[in-house]
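What follows draws every value from the coordinates through simple rules; no lab data is involved. The structure displayed is predicted, hence computed values, not measured ones. Every residue, glycine as well, gets a Cβ built from its backbone with ideal geometry; the counts of neighbours run over all protein chains shown.
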C-alpha cells in the first residue's frame, strides 16, 4: 500500500515489454535514488512463459469468469467517476460500504487465498472488469477505477492474450524487488476479454526460487 | 255484500270436493313456489360457497408455497454463508414439501387455464433456479476450492432475479385469487339480500292465500252448516214449524238443507203414527206373558233332553187349551224317546264288550224300525267281517311262509350266480392279457416282415448294380480285344520290316552282319508279341463268355429277389392284418370283460334285493300272526269260527339255510286252536326278540 505512489509514478511512463531492458537502468537509477541500500534488480527475464501461464491458470477459475460476466457493461462515465471518488473518499473513513462490498466478494476471497498460497511470490492481485472497475482484490487498492492506468490500457483494449510487464520496483519496507504483471482475462466462450488482472510479482523471491532450481 | 255478488262468490255451481281441492291446491301451489324459490337461492349460495372454499384453499396453498420458496432461498443463502450441512437438509426438506402442494394447486387450478399457465410458468422459473443455480451452488459448496465460485454465482444476482420473477408470478396468482374472492363475497352478499326479499314475498303471498281461503271457507261452508245445525237442534227440541236456510243452493249444502226440511215434515207424520201404535201394544202384552211361561218350561224340558236327560216333564196345567195340548204332546214325545234309548243302550253295551251275539228285539215303526234294522245289520256285518278276517289271515300266513322259503332259495342262488360271474370276470381279464400279448407279438412280427421286405428290396437293388457292373466289364473286354488286334497288326508290320531289314543287311555284306543279327532279333520279338497278343485275345474271349454267364446268373438271382420282395410284402400285409384282428379281438374282449363286471355288479344287487325280500316276507308273516291274535278277541257264534290252518314245515328249514340269523327271522309257532292261549304263546315267543 505504501508503494502505491511510486507505482503510479512508474505507470505514468508508457513502457512495453520490448523496451524492458533499456528501461531497467532508468528504474534502477530511480530506485537507487529512493533507497541507496537497494541491491541491483533481478533480470526481467525471470518473468518467463511458465510464470505467465501459472498466472493465467489462476485467472481461469470459474469464480473470476462468473463474477466478471455479471458486471454491468452499460455503466456511464459519470457514474464511474462518482464511484471512483466514493472509493477514494471511503478509504479515509470508518464507513466503507463500497470498499467492504468489493472486498467481501467471493472473488476477493479467492484472490486472497491465491496470494496466501503463493508464499510471498505474488503480492497484491487486482481483477477488474472490461471497463476497468474493480471486481475483486486481495488487498485494498487506492482507487476503484483502473481505466486510466496501464493495467487496463495495455490489456483489455489489446485483446484476450495481452500481457504487460511493468518496470521492477524496490519495496524498501520488505526489502524486495516487485514487478507488476498485467494480463487480459479472456472469455472462455471467445470474443472480447471479460476484463483484466494485475499481479505484484516478488522478483527477489522469484530469483531465489530460480537459484534454488524451482 | 250484495246477494248476487255473494252468490257468484260462493260458487255453488260446483260440488264441495272439487272446490276444497282447488282451494288446497292453490295453497299448496303458493307454498311450493316459496319452497322452490328458497331452494334455488340456497343452491346458488352453496355453489358460491364451494367456489369460495376452493379460493381459500388456493390462497392457503399459495401462501405455503411462497413460504417454502423463501425457506429454500434462505436455506441456500445460509449454506453459502456458513457452509453448514443442516441448511442443505432444510433446503431439500422445503423442496420436498413443495411437491404435494404443487400437485394440489394443479388440481385447484384445473378449471382456470390462465392461472394454471401462470402457475406452470412460476414452477418453470423455480425449476430453472433450482437446476441452473441452486443445485450447482450446493455442489460447489462441498469443495474448498469451489466455495468462492458458489458464492460468486449468488453475487451475479441471476438466481435472485429468477426467484424474484417466480415470486412475482406467485404474488400475481394470490392477487387474482383475492380479487376473485372479493367479487364472490360481493355476489354472496347480493344473493343473501335477494333471498331475504324473495322469501319475505313468498311468505306474504302464502299468508294472503291462507287468509282468503280461511275467510271463504268460514263464510260459505262453515256458517251455512252451522245455521242448518241450528235448525236441526230446534227440530230435536220439538219445534217443528221452522224455515230452513240455504235451501236454494245448488251444492251439497243445498241438498242437506232441503233434506232437513223434508226431515222436519216426516217427523210430524211419524209422531201421529206412534200414538196409534201405543194402543195396540197394550192388548198383546197379557197373552205374551202366558206364552212366555210355557216357553220357559218347554225350554227346560228340551234343554234336559239335549243334555241326555229324558226324565224331565212339563207338570203344569194351562187355561188356554192350545197351550195345554202342546205341553202334553211334548211329554209324550220325551217318554217315547227314553224307552227306545234304553233298549239300544242294552245291545250296544254288549257290543262294546266284543259280544257280537246280542240283537235288538221287538217291533218298531218308522225311523226307530230303521235304526233297529241298521243296528242289527251292523252287528251281523261285523260278525261276518271277523270270520272273513280270520280266514284270510290264515290263508295269508300260509302263503307268506311259502313265499319266504322261495325268497331264501332265490337269495342263495343269486349268491352262487354272483360268485360264478366273478370267476368269469377273472377269466376274461386273463384272456384280455393274453390277447393283448398276442397283439404285441403280431405287431413285432409285422415289424420283422417289413424289415425282411426292405432287406430283399436292397438285395434286388444290389443285383441290378452287379448286372450293370458286369455289362461295363464286358464293354471293357471288347475294347481290350480291339487293342490286342492293333498290337498284332503292329507285330506283323514289325516282322515284315525286320525281314526287309535282314534282306538289306545281307546286301550290305560283312558290314551288315551285325544289323542282320539285330533284324533277326526284332523279327523274333515281333513274332513273340504277335503270339502274346493272340493269347490275350483268347483269354479275353474266354472271360467275356464267362462274364455273359455271370450276368445271366445274376439276372436270375435278381428275379428270385423280386419274387422274395413280393412274397415278403404279402407276408407283411398278412401279419399286419393279424395284428389288427388281434387288436379288434382285444377290444371286444375288453368290452366283454366290462359287460361281465357290470353283470356281476347287477347280480350282487339282485342278491341283496332277494335277501331284502326274504326278510320282508318273514316280517309280513309276523304281522299276519299279530292280526290273527287281534281278531281272536271278538266273541262270535262258535259254529261260525273257521278251522286255523297248519303252518308249512319248510319255513324253519329255509331260515336255517340263511347265512346267519337276522331280526326278521321268526321261530316256528305251534298251531293255536284255542285263541287265548295261542295269543299268549305268540306274545312269549315274540318277546325273545
Full extension between residue B:322 and residue B:281 adds, at 0.36 nm per residue less the Cα distance, a length in nm of 12.5 nm
Computed over chain B: longest principal axis from alpha-carbon atoms vs helix B:675-686 long axis, angle to nearest 10 degrees, is 40 degrees
Measuring from the longest principal axis of the C-alpha atoms of chain B, the long axis of helix B:113-129 (C-alpha) lies at a number of degrees, nearest 10, equal to 50 degrees
Residues of region B:207-228 with backbone N under 19 Å of the label point set 7 Å from the Cα of residue B:24 along Cα→Cβ are B:207, B:209-223
Compactness summary of region A:53-185: radius of gyration and Dmax from Cα atoms, Å, are 14.7, 43
In nm, the gap between the two label points placed 7 Å beyond Cα toward Cβ at residue B:300 and residue B:538 is 18.2 nm
Per principal axis, largest first, the Cα atoms of region B:102-197 extend in Å by 76, 22, 18
Ratio for the protein assembly as shown, C-alpha Rg to 2.2 N^0.38 Å, reads 2.61
Two pseudo-spin positions, 7 Å from Cα along C-beta at residue A:49 and at residue B:168, lie apart in nanometres by 5.1 nm
The equivalent-ellipsoid semi-axes of region B:333-425, taken as the square roots of five times the Cα gyration tensor eigenvalues and listed largest first in whole Å, are 60, 11, 10
In whole µm²/s, the translational diffusion coefficient that Stokes-Einstein assigns to region B:1-156, given a Kirkwood hydrodynamic radius over C-alpha pairs, 20 °C and 1.002 mPa s, equals 100 µm²/s
Computed on Cα atoms, Rg of region A:152-198 relative to 2.2 N^0.38 Å comes out at 1.41
The FRET efficiency for residue B:422 and residue B:588, from their Cβ-Cβ distance with R0 = 30 Å and rounded to 0.05, is 0.90
What the Cα atoms of region B:581-631 span along the principal axes, largest first and in whole Å, is 73, 9, 6
At R0 = 60 Å the Cβ-Cβ FRET efficiency linking residue B:265 and residue B:53, nearest 0.05, sits at 0.15
Taking a crude spin-label model, label points 7 Å out from Cα along the C-beta direction, the residue B:312 to residue B:184 distance in nm is 9.8 nm
Distance in Å, no decimals, from the C-alpha centre of region B:98-166 to the one of region B:286-323 is 125 Å
re region B:278-436: pairs of Cα atoms spaced beyond 28 Å account for a percent value of 63 percent
Over its alpha-carbon atoms, region A:45-100 yields an Rg and a Dmax in Å of 16.7, 43
A student applying the Cα gyration tensor rule (rounded when a/c is under 1.5; otherwise prolate if a/b is larger than b/c, oblate if not) would label region B:205-256 prolate
One finds the C-alpha centres of region B:349-367 and region B:512-535 to be spaced, in Å, by 175 Å
Summing -39500 (n - 2.57) over every DSSP H run of at least 4 residues in the protein assembly as shown and dividing by its residue count gives a helix-only mean residue ellipticity at 222 nm, to the nearest 500 deg cm²/dmol, of -26500 deg cm²/dmol
Rounded to the nearest whole number, the Stokes-Einstein translational diffusion coefficient of region A:96-173 at 25 °C and 0.890 mPa s (Kirkwood radius, C-alpha pairs) in µm²/s is 180 µm²/s
A chain fully extended from residue B:217 to residue B:504 at 0.36 nm per residue, minus the present Cα-Cα distance, gains in nm 84.6 nm
One finds, for residue B:609 and residue B:635 with R0 = 41 angstrom and r their Cβ-Cβ distance, a FRET efficiency to the nearest 0.05 of 0.40
Using alpha carbon centers only, region B:33-88 is separated from region B:420-486 by a whole-angstrom value of 99 Å
Computed on Cα atoms, Rg of chain B relative to 2.2 N^0.38 Å comes out at 2.72
